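Only one structure is covered here, and it is reproduced in the block below.
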Amino acid sequence: MKKIDFELFGPGQYLYFDIGRLIQVENITKKGAGEIIKNQDLNLGTMTVLFSVGLRHHGLKPPQWYADKMQELLDQGHEVTEFMEPLVKALAGSGILGKAAYYTVFPEEATEEVKKEIKNKRKNG
């Protein structure tokens, strides 16, 4: 599980997902993390749920709070990608999407051994 710095909603904040949090996301959205990423289904509703769950250690806030905060930030000139990219990193950082996805998002952490393992796995199906 990897913690991703995310300070758009407050200083010192970080975002992460573990199995318990991913189960909460599934229960609310009726979609798994893999499905969200694979289908590129990171719409605004899903993003607000992910923030509500992934940042809950900084205080419990409902998805609507995040929707309002996102609107405020967009009005100030921020872009939607500033919200999406950290969420994708946090989902991949949970490990739930597998090694290949993890090291695609965090290539600087891949050792030569890991690179070979991923390459062989792709080659063999």
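Here, each number is a calculation from the coordinates, and none is a lab measurement. Computed from a predicted structure; not experimentally measured. So basically every Cβ, Gly included, is an ideal-geometry build from the backbone, and we count neighbours across all protein chains shown.
Which pairs, out of K2/K61; K31/K116; K3/K115, put more than 28 Å between their alpha-carbon atoms? Mind dumping the intermediate values first?
Working: K2/K61 22 Å; K31/K116 32 Å; K3/K115 23 Å.
Distance filter (> 28 Å) returns K31/K116.
What are the trypsin sites (Lys or Arg not before Pro) within the stretch 7-41 that DSSP puts in a loop, where the Cβ has at most 10 other Cβ atoms within 10 Å? Can you show the working numbers first?
Working: sites: R21, K30, K31, K38; in loops: K30, K31.
Those satisfying the criteria are K30.
In degrees between 0 and 90, to the nearest 10, how far off the longest principal axis of the chain does helix 44-54 point, with axes built from Cα atoms?
80
Please give the contour-minus-distance gain from K123 to K30: 0.36 nm per residue of separation, less the Cα-Cα distance, rounded to one decimal in nm. Each step should come with its number before you reach the end.
Working: separation 93, 0.36 × 93 = 33.48 nm, distance 3.27 nm.
Here the answer is 30.2 nm.
Given a Förster radius of 30 Å and the C-beta distance between N39 and E82 as r, what FRET efficiency does 1/(1 + (r/R0)^6) yield to the nearest 0.05? Present the calculation step by step, with values, prior to reporting the outcome.
Values: r = 22 Å, r/R0 = 0.72.
Efficiency for this residue pair is about 0.90.
For D5 and D75, what does the FRET efficiency come to when R0 = 30 Å and r is the distance between their Cβ atoms, rounded to the nearest 0.05? The partial results should precede the final answer.
Values: r = 23 Å, r/R0 = 0.77.
After rounding to 0.05, the efficiency reads 0.85.
Can you give the Rg/Rh ratio of the stretch 23-88, where Rg is from the C-alpha atoms and Rh is the Kirkwood radius?
Numbers: Rg = 11.7 Å, Rh = 12.2 Å.
Here Rg/Rh amounts to 0.96.
What is the spin-label model distance, in nm, from V114 to Q64 if the labels are put 7 Å beyond Cα along the C-beta direction?
Result: 4.2 nm between the two label points.
Between helix 19-29 and the chain, what is the angle of the helix's C-alpha long axis to the longest principal axis, kept within 0 to 90° and rounded to the nearest 10?
60
Give the share of C-alpha pairs in each 10 angstrom bin for the chain, from 0 to the last occupied bin, in whole percents, shortest bins first.
That works out to 13, 43, 30, 11, 3, in percent per bin.
Show me the GluC sites (Glu not before Pro) within the stretch 37-101 that DSSP assigns to loop and that have at most 10 other Cβ atoms within 10 Å of their Cβ.
Working: sites: E72, E79, E82; in loops: E79.
The qualifying sites are E79.
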